[in-house]
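Worksheet: the structure to be examined is printed underneath.
The values are calculated or read from the model by the stated rules, or taken from the named source; none is laboratory data. Keep in mind it's a predicted model, so treat the numbers as computed, not measured. Cβ atoms come from the backbone with ideal geometry, glycine included; neighbour counts cover every protein chain shown.
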Amino acid sequence: MKCAVETPVSTDQAQKKIYLVGNPNVGKSVLFNALTGAYTTVSNYPGTSVEVFRGSCEIHGVRYEVLDTPGMYSLLPITEEERVARDMLLNEPPDLVLHVVDARNIERMLPMTLQLIEAGLPVILVVNILDEAERLGLRFDLHLLEEKLGIPVVGAAVRRRRGLKEIRAAIVGFDPNQRAVFEYAADLERDIARVTSCLRADYGIEARAIALLLMQRDEELTAMVRRREGDHFRAVEEAINSIAFDRRVDLHLRISLERKRVCKGVLEGVIRQEERMGIDWSGRLSDLTMNPWTGIPILLLVLYFGLYHFVGNFGAGTIVDFLEAGLFERYINPWFIDLCRNWLPWNWLFELFAGEYGIFTLGVRYAVAIVLPIVGTFFIAFSLIEDSGYFPRLAMLVDRVFKQIGLNGRAVIPIVLGFGCDTMATIVTRTLETRRERFIA
């Protein structure tokens, strides 16, 4: 396999497009890096501040453009990231979709696989983090799962480079005509058929998927259907309103429950739980961080040593003192002042650059000797906490407390970021679901 830095792709290039989709924290980015190599481009999706990673690779002589989409839980979007990921699937149809799921939570993530299959998208299911699931005693019959879904299913532990060869083979040998058909309850199937029969325009995905999203009151998709159907949209709207009136139930909840029922049937016989011989140290530590009796003391220790000592004492104390008093005041500033005094004959220009409040003597000194050590050590600590997997467990720990003030566990990231950089924390609040939550955080 050859990897290369991404370059703008023109429409005449026969370069196939692969999308990596899935929930956050399932290993999409690790798989993206494994497929594309070290060199990628990052750009904001048009009209948003959401970043999309693009790379390219060559597998068995075929060139692919690989896009790492923002994390999404469903084709029915809530956050801006989910809207961007869904818009990419609708507006820039891929040649292949790699749906990456966490093997430990496959039952919760499989409904989105069903949505992708219903949409008629070319899907390969990557069951990732298989090594950790196996340590928990879970055993998977992936061949049976592949039979039931009608799409290629690959087991992987991408971080350990397990399954990469099989993923590449599945990409090359993908058959777009292979796909299973799933049926819901009879009354729901009649409602879907009723809405589908009213759709006339081409949406790039199956009309069945469009009908389901319309029935779930997807406002953005409804606006798109209204534009594309034109005068015929009245029939679509009447059909949906009639179904909602006749059923007198929350269609969104009804469809979600039906998907879960179908997924439960699909997974029957696929997963087997073996008796665990014992919990390893990482499992014990994970349990301890989520238990309130031990999790809160661990959180206090992380804050005390990670933020107070490392950022406060070491970053804002030791490093700042060394840079400001040791380097700038003793060596750099005196040298720069003498240089400006010898080469700048105008006093106003000297004061601008090397005076008491000069651009270099004050501005650069403060930026490099004071701001940089504090922000740098904070983000080092933040990265270590994030990469260790502590944040998801911290979110579980504080979820109940945060709900008392109108937030949920996801708000822990912008709140922790706020200790170091208010601007970054404000930007990250876009991951929260509602405007009210973003305002509170």
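Working carefully through the options ALA193, ALA207, ALA223, ALA201, find the one that is free of Cβ contacts under 8 Å to residues at least 24 places away in the same chain, in contact with a helix residue (DSSP H, G or I) (Cβ under 7 Å, 6 or more places away or on another chain) and assigned by TED's automatic domain parsing to the domain that holds PHE245. Please lay out each step first, then the result.
On the way: ALA193 fails: in contact with a helix residue (DSSP H, G or I) (Cβ under 7 Å, 6 or more places away or on another chain); ALA223 fails: in contact with a helix residue (DSSP H, G or I) (Cβ under 7 Å, 6 or more places away or on another chain); ALA201 fails: free of Cβ contacts under 8 Å to residues at least 24 places away in the same chain.
Just a single option satisfies the conditions, and that option is ALA207.
Among the listed residues LEU144, LEU125, LEU89, identify the single one that is more than 18 Å from ALA169 (Cα to Cα) and either assigned by TED's automatic domain parsing to the domain that holds ALA223 or at pLDDT 90 or above (or both).
Numbers: LEU125 fails: more than 18 Å from ALA169 (Cα to Cα); LEU89 fails: either assigned by TED's automatic domain parsing to the domain that holds ALA223 or at pLDDT 90 or above (or both).
On inspection, the qualifying residue turns out to be LEU144.
Given (1) surrounded by 15 or more Cβ atoms within 10 Å (Cβ to Cβ); (2) modelled with pLDDT of 90 or more; (3) not aromatic (Phe, Trp, Tyr), identify the lone condition not met by THR377.
Of the numbered conditions (1) surrounded by 15 or more Cβ atoms within 10 Å (Cβ to Cβ); (2) modelled with pLDDT of 90 or more; (3) not aromatic (Phe, Trp, Tyr), the odd one out for THR377 is (2).
Just for the stretch 63-112: of the residues that are in contact with a helix residue (DSSP H, G or I) (Cβ under 7 Å, 6 or more places away or on another chain) and of a type in the set (S, T, N, Q), which one is surrounded by the most Cβ atoms within 10 Å (Cβ to Cβ)?
Among those that are in contact with a helix residue (DSSP H, G or I) (Cβ under 7 Å, 6 or more places away or on another chain) and of a type in the set (S, T, N, Q), it is THR69.
Working only within the stretch 256-286, note down all residues that are within 24 Å of the chain's Cα centre (by Cα) and either under 30 Å from ALA186 (Cα atoms) or modelled with pLDDT of 90 or more (or both).
SER256, ARG259, LYS260, CYS263 - these are the residues of the stretch 256-286 that are within 24 Å of the chain's Cα centre (by Cα) and either under 30 Å from ALA186 (Cα atoms) or modelled with pLDDT of 90 or more (or both).
Quick one: what pairs do we get from the stretch 350-368, first residue surrounded by 15 or more Cβ atoms within 10 Å (Cβ to Cβ), second in a loop (DSSP other than H, G, I, E, B), C-beta under 6 Å, 6+ apart or different chains?
Listed by first residue and then by second, the contacts come to PHE350/LEU344.
Which residues, taken from the stretch 147-192, are assigned to a helix (DSSP H, G or I) and touching a Ser or Thr at 6+ places or on another chain (Cβ under 9 Å)? Spell out how you get there, then give the answer.
If we filter the stretch 147-192 for residues that are assigned to a helix (DSSP H, G or I), which is where we start, we get 147-149, 158-160, 164-172, 186-192.
LEU149 - this is the single residue of the stretch 147-192 that is assigned to a helix (DSSP H, G or I) and touching a Ser or Thr at 6+ places or on another chain (Cβ under 9 Å).
Out of the residues in the stretch 360-390 meeting the condition of being among the β-branched types (Val, Ile, Thr) and more than 22 Å from LEU301 (Cα to Cα), tell me which one is nearest to the chain's Cα centre (by Cα). Spell out the reasoning first.
Quick first cut of the stretch 360-390, residues among the β-branched types (Val, Ile, Thr) only: 361, 364, 368, 370-371, 374-375, 377, 380, 385.
Checking which are more than 22 Å from LEU301 (Cα to Cα) leaves us with 361, 364, 368, 370-371.
Details: THR361: 42, VAL364: 36, VAL368: 32, ILE370: 33, VAL371: 29 Å.
Among residues in the stretch 360-390 that are among the β-branched types (Val, Ile, Thr) and more than 22 Å from LEU301 (Cα to Cα), the one nearest to the chain's Cα centre (by Cα) is VAL371.
Tell me, yes or no, whether the stretch 194-202 has at least one residue that is surrounded by 19 or more Cβ atoms within 10 Å (Cβ to Cβ) and assigned to a helix (DSSP H, G or I). Reasoning before the result, please.
The initial filter retains those residues of the stretch 194-202 that are surrounded by 19 or more Cβ atoms within 10 Å (Cβ to Cβ), namely 195, 198-199.
Next, from what is left, pick out any that are assigned to a helix (DSSP H, G or I): 195.
Within the stretch 194-202, one or more residues are surrounded by 19 or more Cβ atoms within 10 Å (Cβ to Cβ) and assigned to a helix (DSSP H, G or I).
Give the residues of the stretch 1-56 that are out of contact with any strand residue (DSSP E or B) (no Cβ under 7 Å at 6 or more places or on another chain), of a type outside the set (S, T, N, Q) and at pLDDT 80 or above, sorted by residue number.
Those that are out of contact with any strand residue (DSSP E or B) (no Cβ under 7 Å at 6 or more places or on another chain), of a type outside the set (S, T, N, Q) and at pLDDT 80 or above: PRO24, VAL30, ALA34.
Which is among the aliphatic types (A, V, I, L, M) and without any contact (Cβ under 8 Å) to a residue 60 or more places away in the chain, of ILE385, ILE337, ILE374?
After applying the criteria, what remains is ILE337.
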